[in-house]
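The structure appears right after this line, and notes come after that.
The values are calculated or read from the model by the stated rules, or taken from the named source; none is laboratory data. Note that the coordinates shown come from a computational prediction; the quantities given were computed from them, not determined experimentally. Here the Cβ is made from the backbone with ideal geometry for all residues, glycine too, and neighbour counts use every protein chain on show.
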Amino acid sequence: MMFTSPTFVAKIGYFPDQNIDTGFLALNEGLKTIRKKVGEENYAAFVALSDKIRAHFEGGREDRTEDGIKGRDCIMDIEHILKTSRKRKPR
């Protein structure tokens, strides 16, 4: 998501059907697969952040505003939650 945001069009052309809809479908489906593992509280946070990310990227399609940066910051927030939740739970 970081590399193709905010448009989600692959610059190298290997994935011509990739767009913002397919990118967020993949993210949200991926979140569903880890739902039990991360818990309901974290899952809800991830879904809320996914919605924020999409809103920021849609608002900054030309990548000339702060929206793209804000969306990428939300991705980092998801990563941070994942890392800290892993440290608290034994494997």
- Extreme residue, surrounded by the most Cβ atoms within 10 Å (Cβ to Cβ), among residues of the range 3-33 that are hydroxyl-bearing (S, T, Y) and within 24 Å of E66 (Cβ to Cβ): S5
- Item | Residues of the range 73-91 satisfying the condition of being of a type outside the set (A, V, I, L, M, F, W, C) and either at pLDDT 90 or above or within 16 Å of the chain's Cα centre (by Cα) (or both) | D73, D77, E79, H80, K83
- Hey, can you tell me all the residues within the range 38-72 that are modelled with pLDDT of 90 or more and either of a type in the set (A, V, I, L, M) or surrounded by fewer than 12 Cβ atoms within 10 Å (Cβ to Cβ) (or both)? V38, E40, E41, A44, A45, V47, A48, L49, I53, A55
- If you scan the range 32-91, which residues turn out to be in contact (Cβ under 8 Å) with a residue 40 or more places away in the chain and touching a Cys at 6+ places or on another chain (Cβ under 6 Å)? I53
